Structures are given as C-alpha cells and as structure tokens.
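For reference, the structure discussed in these notes is given below.
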Amino acid sequence: MAFLMILLLLCLIRVPRIEHRKLHLVCKRWNQLLSENLFYSLRKCHGMAEEWIYVITRNDERISWHAFDPIYQRWKTLTPVPWEFSEAYVFGCEVLSGYRLYLFGGMNSVREPMRSVMWPSCGCSRSTQMVNFALSTTI
C-alpha cells in the first residue's frame, strides 16, 4: 500500500499546477494529499514547482485576487476574498511555503484594525481558511 501511495505522489507532482483544482475533485484522499505540505515539498525537490504571479485588485470597492501562470500564459481567478477583507484598506500579503498566499492585518472599511489572517487553500482550490487573532494590549 505504501508503494502505491509513493507511486501516486510521484505521478501527481508532475501534473501542472494550473490543473491542481481538478485533481482536488477526484476524491477525498487526493484532496487531502494535494493539501499537504509533503506534496509541494516533493514538487520543489523534483524541480516541478512553478512560480506564479499574484495580483490583488480593487474594483467597485471590492478586492479580488488573481494568479498568473507564466508557463501556460493563463490568468486564474482565485477564491473570492471573504467579506472581512473585501473592503479592507492597507493590508499585507505574502506567499509562504512557495504555495500559500496570505492576507493579514490592515484596517477595515471603518478604519478599525483587523485581526484576521486568511489564505486560499494551495492557491488552486476554491476553499478559504481564516484565523482570527485577539489584539494584544501588552507590548
């Protein structure tokens, strides 16, 4: 069984990143495999990692994010930005682990500090995760 899982991973890491969302839909096990750090670590280790360009835009007072795949010359609209960030001002963003785009900090539409960090899963799927942090009053 372990041999089959290794063989499956070695096949899946060769699939272009632009197609990963489709792979997430195959079954729960594939979705879990593709969401783990091991999958992206193996892609990087075997020279299969692909660099994307992330763009955050504001249109009609709403924020959206997109990714550009320079290999296939295709734009991909990422999961909708949750309402907590959709009207945010001056927030930060960062790509960590080579595959996860984070939005954090900033101010909401009434200029209050935001306490959330959110990210779309793997930059390819349609789910979003968010963590809320309490603001510390001590320095």
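None of the figures in this text is laboratory data; all of them are computed from the coordinates on show. Not measured: the values here are computed from a predicted model. Here the Cβ is made from the backbone with ideal geometry for all residues, glycine too, and neighbour counts use every protein chain on show.
Stretching TRP83 away from TRP30 to a fully extended chain increases their span by 16.2 nm, per 0.36 nm per residue minus the current alpha-carbon distance.
For ASP69 and LEU4, the FRET efficiency from 1/(1 + (r/R0)^6), where r spans their Cβ atoms and R0 equals 41 Å, is about 0.85. Seen from all directions on average, region 2-45 presents a Cα convex hull projection of 2.9 nm². Whole-Hz Karplus values for region 22-33 come out as 5, 5, 4, 8, 4, 6, 4, 5, 5, 4, 5, 4 Hz, taken residue by residue from phi with 6.51 cos²θ - 1.76 cosθ + 1.60 and θ = phi - 60°; glycine and proline positions read x.
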